[in-house]
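S.K.: Right, I'll just put the structure down here and ask away after.
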Amino acid sequence: MQLRLLSRFFNQEIDIATGELYLRAPASSDFEQWIKLRSESKDFLKPWEPLWPDDDLTRIGFRRRLKSYNLQRQNGSARTYFLYKRENDQLIGGISLTRISYGITRSAMLGYWMGAPYAGQGYMRKTVPALLNFAFKELKLNRIEAACIPRNTTSINLLRNCGFVEEGYAREYLEINDKREDHILFAILASEFT
């Protein structure tokens, strides 16, 4: 696993590379690829994500996302990245660390999505460890948490294969696609990451 840091300042852009893939903070120039991928993946993604706003697949909706991502990065509460194939700079998905907390906790919540044409090809299995490496070594976090809807066996298997340990069950934990959903809770510690 190769980790390439372009900047060591917390609020600066940092790209993370791992083999054939790389992660980069979203930019306004990503709109066309993002809208195409999210549009063609809509039915695939909606069962696993919060309810999409009516204007989500518009330039205004995308700008709103970018503004939120930038504010969260500036205040240190989240890091959101788009995932690209290096060979053709093709956007294939996204991954984030949210609810970043320092002090006595030093933790964050992992989230991710993959475009339908690229699902099941092992891309996220390569990406999650690269982001964990960044979170533990560069952000100096101690704990990364993740939550999965119990019927999302693909995501559960991904987390287990990446070293996450099941820690509990949270009833009506998150609102997903306009419905409160139970979630299985997972976590990995810096001391467990190899």
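The values are calculated or read from the model by the stated rules, or taken from the named source; none is laboratory data. Note that the structure is predicted; figures quoted are calculated from it, not measured. Here the Cβ is made from the backbone with ideal geometry for all residues, glycine too, and neighbour counts use every protein chain on show.
S.K.: Quick one: in the stretch 10-64, of everything that is β-branched (Val, Ile, Thr) and assigned to a strand (DSSP E or B), which residue is modelled with the lowest pLDDT?
M.R.: Thr18
S.K.: How many residues, within the stretch 37-71, are of a type in the set (S, T, N, Q), under 19 Å from Gly93 (Cβ atoms) and under 17 Å from the mean Cα position of the chain (by Cα)?
M.R.: 2
S.K.: Here is a further query. Given the stretch 96-194, what strands (runs of 3 or more DSSP E) lie entirely inside it while holding 3 or more residues that are at pLDDT 95 or above and over 15 Å from the mean Cα position of the chain (by Cα)?
M.R.: Ranges flagged: 165-176, 179-189.
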